[in-house]
Protein chains: 2
Amino acid sequence: MREVSRGLHRFKDIQDHLAISRSVLTDRLELLLDQGVLEKREYREPGQRRRYEYHLTEKGRDLYPAINALREWGDKYLADPEGPSLLVTHRGCGAPVHTRLMCEAGHEVTSEEIDRTPGPAARARAAA
Amino acid sequence: MREVSRGLHRFKDIQDHLAISRSVLTDRLELLLDQGVLEKREYREPGQRRRYEYHLTEKGRDLYPAINALREWGDKYLADPEGPSLLVTHRGCGAPVHTRLMCEAGHEVTSEEIDRTPGPAARARAAA
């Protein structure tokens, strides 16, 4: 998923970048296709047989806030002394990007300011 | 971690809520203590021996944005037809809370508007 989200869409390119075997990468791509976070798109270069590129679906793109939040946590607690290995910035203005908890009224919220209440599916699970 | 973050701090309370064996819970708590996301605090009830409560550390609380982002992703793609099993709201104003990507200039950012560049530790890894 990391390779695809950074613009590597073709099997050979992804394989070269990860330095893993053909069969391991095939298994991983199958899993991600089955889960609906990647999709295949056909392409054909002149004189070659039909091949597939791998692209993130909306379901895959929607994982990005979680991935970014884990990356930030890792940068704070597990990074090398030099600092993070990846800088993430807003293309529009160049400022660093962070994962924040925001309420729909526009307030930034800390984990201590959160109320949790059972939702519509909670009763079904308790009864099951 | 879920139980502790929702206010269950004592071994017996956590065990009853999870319905798992004493040894499984002991192993899980040891792992979370070793990783520094939980800490032990002593307490003693009258006539009882000394016992410990389990609390989140700052490192543990800082995982919340990632956990919340995964919960939101699950609500969108994996929830029961009735809807989510948990509603998360801002205690201050009651509005629903979401995980957002924000840049330091205050713009909300989508995963398509992000630039990734190698950080200070990137060279070390490439050379290793």
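Observations on the structure shown:
- Failed item, numbered, when A:Val24 is tested on (1) of a type outside the set (Asp, Glu); (2) within 19 Å of B:Arg71 (Cα to Cα); (3) out of contact with any Phe, Trp or Tyr (no Cβ under 9 Å at 6 or more places or on another chain): (2)
- Summed over region A:59-78, the residues that are of a type outside the set (A, V, I, L, M, F, W, C), out of contact with any His (no Cβ under 7 Å at 6 or more places or on another chain), closer than 24 Å to B:His107 by Cβ and surrounded by 15 or more Cβ atoms within 10 Å (Cβ to Cβ) give a count of 8.
- The lone criterion from (1) facing chain A (nearest Cβ under 10 Å); (2) farther than 27 Å from A:Arg71 by Cα; (3) surrounded by 12 or more Cβ atoms within 10 Å (Cβ to Cβ); (4) of a type outside the set (Phe, Trp, Tyr) left unmet by B:Pro81 is number (3).
- As a summary of the residue check, B:Glu112 satisfies the conditions (1) at the interface with chain A (Cβ under 7 Å from one of its Cβ atoms); (2) assigned to a helix (DSSP H, G or I); (3) touching a Lys or Arg at 6+ places or on another chain (Cβ under 8 Å); (4) open to solvent by 70 Å² or more (accessible area, probe 1.4 Å) except for the one numbered (1).
- Looking across region A:59-85, the residues that are among the small types (Gly, Ala, Ser) and farther than 20 Å from B:Glu113 by Cα come down to A:Gly74, A:Ala79, A:Gly83.
- Scanning region A:59-78 for residues that are among the charged types (D, E, K, R), more than 7 Å from chain B (Cβ to nearest Cβ) and touching an Asp or Glu at 6+ places or on another chain (Cβ under 9 Å) returns a single hit, A:Glu72.
- Qualifying residue in region B:50-58 (condition: more than 9 Å from chain A (Cβ to nearest Cβ), open to solvent by 60 Å² or more (accessible area, probe 1.4 Å), free of Cβ contacts under 8 Å to residues at least 24 places away in the same chain and part of a loop (DSSP other than H, G, I, E, B)): yes
- Whichever residue in region B:1-49 is more than 14 Å from every other protein chain (Cβ to nearest Cβ), in a loop (DSSP other than H, G, I, E, B) and among the polar types (S, T, N, Q) and, among such residues, is least open to solvent (accessible area, probe 1.4 Å): B:Ser21
- Among the residues of this structure, B:Ile67 counts as one that is part of a helix (DSSP H, G or I) and of a type in the set (Val, Ile, Thr).
The values are calculated or read from the model by the stated rules, or taken from the named source; none is laboratory data. Only a predicted model underlies this, so the values are computations on that prediction, with no experimental measurement involved. Neighbour counts are summed over all protein chains in view; Cβ atoms, including those assigned to glycine, are modelled from backbone coordinates with ideal geometry. With ligands, DNA and RNA removed, areas are computed over all heavy atoms of the protein, side chains included. Shrake-Rupley method; radii C 1.70, N 1.55, O 1.52, S 1.80 Å.
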